[in-house]
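Presented below is the structure to which this report refers.
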Amino acid sequence: MRYCLSGLLFFLTLLSGTGCGISAKQPALHDFGSPASISPDNSKQEKIPVINVDSPTWFWENRIRYRLLYSSPTRVGFYTLDLWVAPPPELFEQLLISSGKIRNYSLVIQLQDFEQQFDAPGRARVILRFNAEAYSGGPDKKVYSQEFYLEQPTATPDAAGAVSGFASLARKAADRIQAWLAGLSVNRVMAGNRVQSAVNFSGEKKLPTQPRKDN
């Protein structure tokens, strides 16, 4: 027994001296890909848009969420070997700012849903839902608000599929917001023209009618 204990102590000492030679695998860090390139000329002419993306507290972390709708719809799971480099609201905000597609308006966005959902063991999709408020002329001059919902199947039912799916979905969201803001601008111009026409019409002076002379 004494020899066995001595051998065990020697083995433990050897492991502690070498650090066991085994290191835990570090998780991979992900974002939404490289930001859109903006030429120097455009960067001088256009101001950086004011965009603020907020969310419930549970989205302010860098773990990638998933949900097994087919077996545990109320349980939220997280991938252990893949993480976001920053919380999703921050990643989404930076993508919108760097996209160059948000112009003439300030945005306040409330992120409401951002997770991968499994409908079956081999079938998953990513969900992105948010509310956007557009402001023009100041923080207290809200023009309009709009609810957005986007989803798409993932290429693979795993963390890699979630990351690539969210990167694609975030860019589609930027396109949707751009189209929405363009529509707001057109509507505001048309409304302004109608108001101006009404003012011009009401301001017109009618010439007095001359009494008809009978021959």
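Points to keep in mind about this one:
- Proxy reagent accessibility, fewest Cβ within 10 Å first, across Asp31, Asp175: Asp175, Asp31
- Residues whose amide H falls under 5 Å from that of Val53, counting only those 5 or more places apart or on a different chain, are Ile109, with hydrogens built in the peptide plane.
- Sequence-ordered 3J(HN,Hα) estimates for segment 129-137 from the Karplus curve with 6.51, -1.76 and 1.60 and θ = phi - 60° stand at 9, 7, 10, 10, 10, 9, 10, 9, x Hz, glycine and proline given as x.
- Gyration tensor (alpha-carbon) shape descriptor, segment 49-199, a/c threshold 1.5: prolate
- Considering only Leu91, Ser185, Ala162, and ranking their Cα positions along the charge dipole of segment 49-199 that arises from unit charges at the beta-carbon of Lys, Arg, Asp and Glu, the one farthest toward the positive end is Ser185.
- Given charges at beta-carbon only (K, R positive; D, E negative), |dipole| of segment 49-199 in Debye: 440
- Percent antiparallel among DSSP beta bridges (both partners in segment 49-199, rounded to 5): 80
The numbers here are math on the coordinates, done by the rules we state, and not lab data. What you are looking at is a predicted structure, and each value in this text was computed from that prediction instead of being measured. So basically every Cβ, Gly included, is an ideal-geometry build from the backbone, and we count neighbours across all protein chains shown.
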